[in-house]
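A short worksheet on the structure shown next.
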Amino acid sequence: MLQRFHLALKSIKTSGLTLLIVMMAVSLLAACGSKDQNTAEPSQEAAAPAQTEAPETTEAAEGPSTRTVTDELDHELTIPSKPLKVFAPYMEDSLLSLGVLPVAQWADGENGQPYLQDQLADVPKANFVGGTPPSPEVVMDFEPDLIILHTAFYAENGVYEKYSKIAPTYVFKNAAGDLQSSITKLGELLGKTDEAEQALSAYDQKKEEAKAKLAPVIEGKKAALINFNGKGMYLIGGNYFGGYVLSHELGIGKSKLVETVNSVDASPEILPELDADFIFTINYKGTGTANIKTLTDNGIWKSMPAAKNGYVYEVSDQYWTGGGLIAYGKIIDDVVRLLAP
């Protein structure tokens, strides 16, 4: 009897211990499950950003890397969306107005455009000998990603075909003949539309202020611009350089001699027909001194109203033959200073 009691007690203890172990195991599993569940939530939250949509590609965020445009000679070309290395000979003035430094600058011999050299001093020069564009080999060394020719003349004689093999080449018919249009287009080509608008706005304000000052002086009057150099002398018409500023920008009438042409020889024989109240003269690089003397010593010249009244002015050969907002702004300053001080 006593032996059975001990056996029963031993069985109870064994069962209790087993039950205790089972209960402890269940509690431990529950705790682990609770802990795993608690730690899983922050982990899921931390991982959440990785489950969001993938960021846009560079092309989607910044636009395509290239685009197709058509130039003024109907060439279709594919250009970088934001060109970084631009070669635009004789458009350096316009480039600088947009805050763009070219990879090379136009030069006549060793000389670039003097009035821009404070900004272009470190830019290499591309020599245009006799007005002929530099060879493709010279241009290739500058590694441009966009070439812009400011006049169709530069694209002649196979130049366009050769240049376009180096880089996309955009040709204006005459960028200097309509700065409003050419600066706007340049801004589009270079991804500088805001800069173009700002530059044109500042220039327009300057122009309108000048016209207001000049109005009492120039009403019903005409002006002529004569360029003297070592080869001769000629009147500059109203489509280029200072002639464009005088007639188109400031509204001063032009001589009938250049009504339908861009230039005409200014020989003594034409003096009787030179109907101009104001005459502006350019001594190009000092080479026209002899020709100036030939013309101004002529009796007909001395009898002309402009000469008799002291309305003949020698102006700078640097920017009066320039084609851009910087040059035009300087010309406007000169005209106001001379005619309406």
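Structural remarks
- A single entry from ASN239, ASN229 fulfils the requirement of being in contact (Cβ under 8 Å) with a residue 40 or more places away in the chain, polar (S, T, N, Q) and more than 29 Å from ASP204 (Cβ to Cβ): ASN229.
- Sole residue being free of Cβ contacts under 8 Å to residues at least 60 places away in the same chain and under 20 Å from GLU195 (Cβ atoms), chosen from GLN105, GLN117: GLN105
- The number of residues in the stretch 123-133 that are in a loop (DSSP other than H, G, I, E, B) and modelled with pLDDT under 95 comes to 4.
- All of GLY191, GLY243, GLY237, GLY251 fail the test of being within 30 Å of PRO144 (Cα to Cα) and within 30 Å of the chain's Cα centre (by Cα), apart from GLY191.
- Residue among VAL245, VAL264 that alone is β-branched (Val, Ile, Thr), at pLDDT below 95 and crowded, with 16+ Cβ neighbours inside 10 Å: VAL264
- Count of residues meeting criterion [without any contact (Cβ under 8 Å) to a residue 40 or more places away in the chain and not assigned by TED's automatic domain parsing to the domain that holds LEU95] in the stretch 162-187: 5
- Pairing each residue of the stretch 279-293 that is over 23 Å from MET304 (Cα atoms) and touching a residue at least 12 places away in the same chain (Cβ under 8 Å) with any residue that is in a loop (DSSP other than H, G, I, E, B) and basic (Lys, Arg), provided the two are 6+ apart or on different chains, yields no C-beta distance under 6 Å.
- In the stretch 126-161, the residue that is surrounded by the most Cβ atoms within 10 Å (Cβ to Cβ) out of those that are in contact (Cβ under 8 Å) with a residue 60 or more places away in the chain and small (Gly, Ala, Ser) is ALA155.
- If you go through the stretch 284-315 and pick out every residue that is at negative phi, surrounded by fewer than 18 Cβ atoms within 10 Å (Cβ to Cβ) and under 40 Å from the mean Cα position of the chain (by Cα), you end up with 7.
- When each of ALA212, ALA196, ALA176 is tested for being part of a helix (DSSP H, G or I), modelled with pLDDT under 95 and on the phi < 0 side of the Ramachandran plot, the lone residue that passes is ALA176.
- Residue identified as modelled with pLDDT under 95 and either within 28 Å of ASP194 (Cα to Cα) or of a type outside the set (Ser, Thr, Tyr) (or both) among GLU161, GLU110, GLU137: GLU110
- Considering the stretch 316-341, the residues that are over 14 Å from ILE236 (Cα atoms) and of a type in the set (Gly, Ala, Ser) include one that is surrounded by the fewest Cβ atoms within 10 Å (Cβ to Cβ), namely ALA340.
Quick grid of which residues meet (1) over 27 Å from GLN105 (Cβ atoms); (2) modelled with pLDDT of 95 or more:
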{"residue": "ILE252", "(1), (2)": "yes, yes"}
{"residue": "GLU259", "(1), (2)": "yes, no"}
{"residue": "ILE270", "(1), (2)": "yes, no"}
{"residue": "ASP277", "(1), (2)": "yes, yes"}
{"residue": "ILE292", "(1), (2)": "yes, yes"}
{"residue": "GLY322", "(1), (2)": "no, no"}
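- Lone qualifier among LEU101, LEU116 - being out of contact with any Phe, Trp or Tyr (no Cβ under 8 Å at 6 or more places or on another chain), at pLDDT 95 or above and outside any loop (DSSP other than H, G, I, E, B): LEU116
- Residues of the stretch 199-231 satisfying the condition of being surrounded by fewer than 14 Cβ atoms within 10 Å (Cβ to Cβ) and more than 27 Å from GLY99 (Cα to Cα): ALA212, ALA215, PRO216, GLU219, GLY220, GLY230, LYS231
The values are calculated or read from the model by the stated rules, or taken from the named source; none is laboratory data. Quick caveat, the model's predicted, so the values are computed rather than measured. Positions of Cβ are generated from backbone atoms using ideal geometry, with glycine treated the same way; all protein chains shown enter the neighbour counts.
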